[in-house]
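Here the structure is laid out as structure tokens; the discussion comes afterwards.
The values are calculated or read from the model by the stated rules, or taken from the named source; none is laboratory data. As the structure is a prediction and not an experimental result, all values here were calculated from the model. As a convention, Cβ positions derive from the backbone with ideal geometry for all residues, glycine included, and neighbour counts pool all protein chains shown.
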Amino acid sequence: STPVTLSSIRALKARRERIAMLTTYDAIFAEAASQAGVEVLLIGDTLGMVLQGHDSTLPVTVEDIAYHTACVRRGNKGAMIVADLPFISYATVEQALGNARRLMQSGAHMVKLEGGTWVTETVRRLTENGVPVCVHMGMTPQSVNVFGGFKVQGRDPARAKELKDAALKVEAAGAAMIVLECVPWDLAEEITRAAGVPVIGIGAGPGTDGQVLVLHDMLGLPLRGFIPSFVRNFLTGTSIQAALRAYVEAVKDNSYPAPKRKDPQLRTLGTVNDV
Ligand code: KIV
Ligand code: NA
């Protein structure tokens with residue numbers, strides 16, 4: 001099959017076909033996930049937690065992400081590869097350009113960074129220099145210490161408006177994709193409708209253009225006993241390949257996340273840790 005590109009991802013949004021994105025960090029899972037139909041492979045800085053055993057994503061370096069991106073690139077069968085710019089690796093435009101070069105030269109087709117309006121100029125300059133950018137908004141784990149924990153973002157009207165405005169501003173600056181993490185479902189749907197670019201959700205309900213999950217979470221492997229409540233364990237059969245196919249299928253038919261759980265989840269979503 002032909003490789004997934006930014007234009008094919010955009011075409012999926014236009015056709016209202018859901019986009020399946022998943023973290024992978026090595027060659028063999030990249031091969032299995034891309035063969036199962038996952039369109040976007042993310043080398044997430046969650047590798048600091050699931051692979052390295054840290055308590056947050058803050059210790060992850062550009063070299064860590066570059067190494068795992070190179071591993072994923074070797075196994076990938078045609079998916080689009082997105083690599084995270086880790087903690088304080090894009091504080092200035094110059095720093096962002098140098099670190100994005102490292103990740104693109106390791107095999108990424110796009111970089112992802114966390115932020116809001118403040119990353120607008122960085123997004124513009126990266127895009128001008130040939131680097132498509134995905135902006136990760138909402139509950140952005142690199143800011144866990146600013147938020148005072150892994151807390152849902154955008155429940156109050158002011159923060160909701162800030163997130164929507166930021167989405168439109170980064171899109172105007174050239175952002176190629178948006179990831180929305182742990183925001184109320186209605187807000188995620190509203191931003192998805194307003195945005196021209198694909199919006200991928202995690203813990204953000206069924207109204208986005210696609211879903212992303214952490215590989216180990218969807219295979220039912222809790223880290224220190226913890227799996228966020230929005231995660232579903234797709235390893236219900238006897239093979240990892242079947243679990244990956246089940247994930248793609250559930251994203252495509254929008255049976256993950258289940259729309260029926262919308263209201264109960266919204267009411268109980270206090271922090272990621274207590275849902
Ligand atoms: O690092 C990561 O895995 C991520 C996803 C959870 C979106 O950023
Ligand atoms: Na990340």
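Pick from GLU128, GLU121: which is touching a helix residue (DSSP H, G or I) at 6+ places or on another chain (Cβ under 8 Å), farther than 24 Å from GLN211 by Cβ and among the acidic types (Asp, Glu)?
On inspection, the qualifying residue turns out to be GLU121.
Do we find a residue being among the aromatic types (Phe, Trp, Tyr), within 16 Å of ligand 1 (Cβ to nearest atom) and touching a strand residue (DSSP E or B) at 6+ places or on another chain (Cβ under 7 Å) anywhere in region 141-148?
No, region 141-148 contains no residue that is among the aromatic types (Phe, Trp, Tyr), within 16 Å of ligand 1 (Cβ to nearest atom) and touching a strand residue (DSSP E or B) at 6+ places or on another chain (Cβ under 7 Å).
Is it the case that ARG16 is farther than 28 Å from SER143 by Cα, away from ligand 1 (no atom under 13 Å from the Cβ) and either out of contact with any Lys or Arg (no Cβ under 8 Å at 6 or more places or on another chain) or aliphatic (A, V, I, L, M) (or both)?
Yes: the conditions hold for ARG16.
Could you pull out the residue among ILE191, ILE227, ILE240 that is more than 16 Å from ligand 2 (Cβ to nearest atom) and at pLDDT below 95?
Sole residue among the options that is more than 16 Å from ligand 2 (Cβ to nearest atom) and at pLDDT below 95: ILE227.
Just give me the residues in region 164-223 being of a type in the set (D, E, K, R), in contact (Cβ under 8 Å) with a residue 24 or more places away in the chain and under 18 Å from LYS252 (Cα atoms), in sequence order.
If the condition is that a residue be of a type in the set (D, E, K, R), in contact (Cβ under 8 Å) with a residue 24 or more places away in the chain and under 18 Å from LYS252 (Cα atoms), then ASP209 is the only one that fits.
Is region 63-76 home to any residue that is closer than 23 Å to GLU171 by Cβ and within 17 Å of the chain's Cα centre (by Cα)?
There is no residue in region 63-76 that is closer than 23 Å to GLU171 by Cβ and within 17 Å of the chain's Cα centre (by Cα).
Filtering region 133-145 down to residues that are aliphatic (A, V, I, L, M) and under 16 Å from CYS182 (Cα atoms), which residue is farthest from the chain's Cα centre (by Cα)?
Here the answer is VAL144.
Only residues that are basic (Lys, Arg) and more than 21 Å from SER56 (Cβ to Cβ): list them for region 126-184, please.
ARG155, ARG159, LYS161, LYS164, LYS169 - these are the residues of region 126-184 that are basic (Lys, Arg) and more than 21 Å from SER56 (Cβ to Cβ).
Which condition does LEU235 not pass, out of (1) in contact with a Leu (Cβ under 6 Å, 6 or more places away or on another chain); (2) at pLDDT below 95, if it passes all the others?
Among (1) in contact with a Leu (Cβ under 6 Å, 6 or more places away or on another chain); (2) at pLDDT below 95, the lone unmet condition for LEU235 is (2).
When you look at ALA91, is it more than 13 Å from ligand 1 (Cβ to nearest atom), among the hydrophobic types (A, V, I, L, M, F, W, C) and touching a strand residue (DSSP E or B) at 6+ places or on another chain (Cβ under 8 Å), yes or no?
Taking the combined requirement at face value, the residue does not satisfy it.
So is HIS109 within 19 Å of the chain's Cα centre (by Cα), within 16 Å of ligand 2 (Cβ to nearest atom) and touching a residue at least 24 places away in the same chain (Cβ under 8 Å) or not?
No.
Within region 21-89, which helices (runs of 4 or more DSSP H) (wholly inside it) include 1 or more residues that are surrounded by fewer than 21 Cβ atoms within 10 Å (Cβ to Cβ) and more than 12 Å from ligand 2 (Cβ to nearest atom)?
Helices (runs of 4 or more DSSP H) meeting the threshold: 27-35, 62-75.
Which of the residues belonging to region 146-163 are within 24 Å of GLY44 (Cα to Cα) and touching a residue at least 40 places away in the same chain (Cβ under 8 Å)?
Listed by number, the residues that qualify are GLY149, PHE150, LYS151, VAL152, LEU163.
In the set GLY130, GLY154, GLY116, GLY98, which member is more than 14 Å from ligand 2 (Cβ to nearest atom), more than 17 Å from the chain's Cα centre (by Cα) and either buried (at least 16 other Cβ atoms within 10 Å of the Cβ) or at pLDDT below 95 (or both)?
GLY154
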